[in-house]
1. When you check residue 310 against the structure, is it in contact (Cβ under 8 Å) with a residue 40 or more places away in the chain, under 17 Å from residue 45 (Cα atoms) and in the same structural domain as residue 107 (by TED's automatic domain parsing), yes or no?
2. As an exercise: evaluate residue 250 against (1) touching a His at 6+ places or on another chain (Cβ under 9 Å); (2) over 25 Å from residue 379 (Cα atoms); (3) in the same structural domain as residue 145 (by TED's automatic domain parsing) and give the number of the one condition it does not meet.
3. Are any residues in the range 91-117 in contact (Cβ under 8 Å) with a residue 40 or more places away in the chain, aliphatic (A, V, I, L, M) and over 21 Å from residue 268 (Cα atoms), and if so, which ones?
4. In the range 292-316, what residues are touching a His at 6+ places or on another chain (Cβ under 9 Å) and more than 13 Å from residue 343 (Cα to Cα)?
5. Taking the range 254-282, which residues are outside any loop (DSSP other than H, G, I, E, B) and touching a Leu at 6+ places or on another chain (Cβ under 8 Å)?
6. Every residue in the range 303-332 that is under 30 Å from residue 31 (Cα atoms), in a loop (DSSP other than H, G, I, E, B) and aliphatic (A, V, I, L, M), please.
7. Take the conditions in the same structural domain as residue 95 (by TED's automatic domain parsing), part of a helix (DSSP H, G or I) and in contact with a Ser or Thr (Cβ under 9 Å, 6 or more places away or on another chain) and apply them to residue 339. Does it pass?
8. Please go through the range 242-257 and pick out each residue that is surrounded by 21 or more Cβ atoms within 10 Å (Cβ to Cβ) and either over 24 Å from residue 128 (Cα atoms) or modelled with pLDDT under 95 (or both).
Amino acid sequence: MEHLAGAAGMGGAALALATSLRVHAAELKRTHKSCILLWMGGGPPTIDMWDMKPGAATGGQFKPIATTGEGQINELMPLVAQQMKHLSIVRSMSTREADHARGTYYLHTGFVPNPNVVHPSYGSVVAHQLREETAQLEIPPFVSIGGASEGPGFLGMAYAPFQVDSNGQVRDLEAPADKDRLRDRMELLGMLEKRFIGEKRGSAAAEHAKVLESTLELMTSRQMEAFKVDSEPAEVRQRYGASGFGRGCLMARRLVETGVPFVEVTLGGWDLHQNCFTTLETKLPELDKAMSALVEDLNQRGLLASTVVLWMGEFGRTPRINATAGRDHWARCWSVVGGGGGMVGGRVIGATNEDGTQVAGDAYSSEDLMATVCRAMGISLETVFTATNGRPMRIAGGGKAIEGLFS
């Protein structure tokens, strides 16, 4: 009987903990919005996905299908097609950086690379601007899953991306088996940090000390449970897919549910200079399953209204199909997809001409896209930062929000 009573007590404690976590997450969720960036590293061929040109010489081999929104998309994304009532396509992105590194920086920051200053990325800006609203959050406010993101720039290391793999593993960070030994090490590190700060060797030591102060708390926080996707029911994990990207999208949902304001999930491998179409036959179903499950799950849980979902890469790919059945780098006209967080779903914003070689009408920049996300999250576009070189920096590079996504 004592054994049964003990088991019942443990079960009750587990239930109470789960309830406490849900209540705490709900409290965090109510006070701010979140953003999930689905980053397609390498430059995806949006002409084969979101802005198809059937019948044109540039159109490729796939057929478009109808969606629950205004536009048509690739036939290999039938599950996403059903969720397009929640998402809108911006088909008239026109940017100026067709190099991977420069394009990645530009699309993450709203600024072109500058040797005199390092600008903060989306995640760092959001984490910084929502720092008061997320004061109760014990885990990092900017999480990057499955790949590195751009850093915090002049905002400092406290707003750097916390990088994990799709299993939630963080290199060199584990729950301590010997807490006393860990505490001793942390105290020693703390002493070293204080010495460096006292010697006034710049801001890096002070910034690192802030990170150090929160490390032990992070490692023992109950909120770290959000990284454990294996605790989800099997049917939920199956809906997202067994791929790293699928697990990353599921983790992103768990993180915003816990209160994290910015999560980036990376799906790389889009640099399709050759064999573009055969590669898409594998990649698009993987994207379709995970992205559709994420949007559907957020909506069903009442999170989509407070969570911006943004899909993009660093540029698109050429309308011209090259001699190796691939497409090359193309920043002149391409597409992004966004929804949630109060943005209007089901729309197609902007257009390209009949063969996809140029924007037809208004074009939108990286600055405009970042301004759109800031507006959706309630972050003032009048915000001005001061960079380390003393220069004022307007948030989102001074871009203007894309009005069609709001009215």
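1. yes
2. (1)
3. Residue satisfying the conditions is 117 alone.
4. Answer for the range 292-316, where residues must be touching a His at 6+ places or on another chain (Cβ under 9 Å) and more than 13 Å from residue 343 (Cα to Cα): 295, 296, 298, 299, 314, 315, 316.
5. 256, 257, 258, 262, 263, 264, 265, 279, 280, 281
6. 303
7. No.
8. If the condition is that a residue be surrounded by 21 or more Cβ atoms within 10 Å (Cβ to Cβ) and either over 24 Å from residue 128 (Cα atoms) or modelled with pLDDT under 95 (or both), then 245, 246, 247, 250 are the ones that fit.
The values are calculated or read from the model by the stated rules, or taken from the named source; none is laboratory data. Predicted model only: the values in this text are computed from it and were never measured. Don't worry about glycine lacking a Cβ; one is built from the backbone with ideal geometry, like all the others, and counts go over all protein chains shown.
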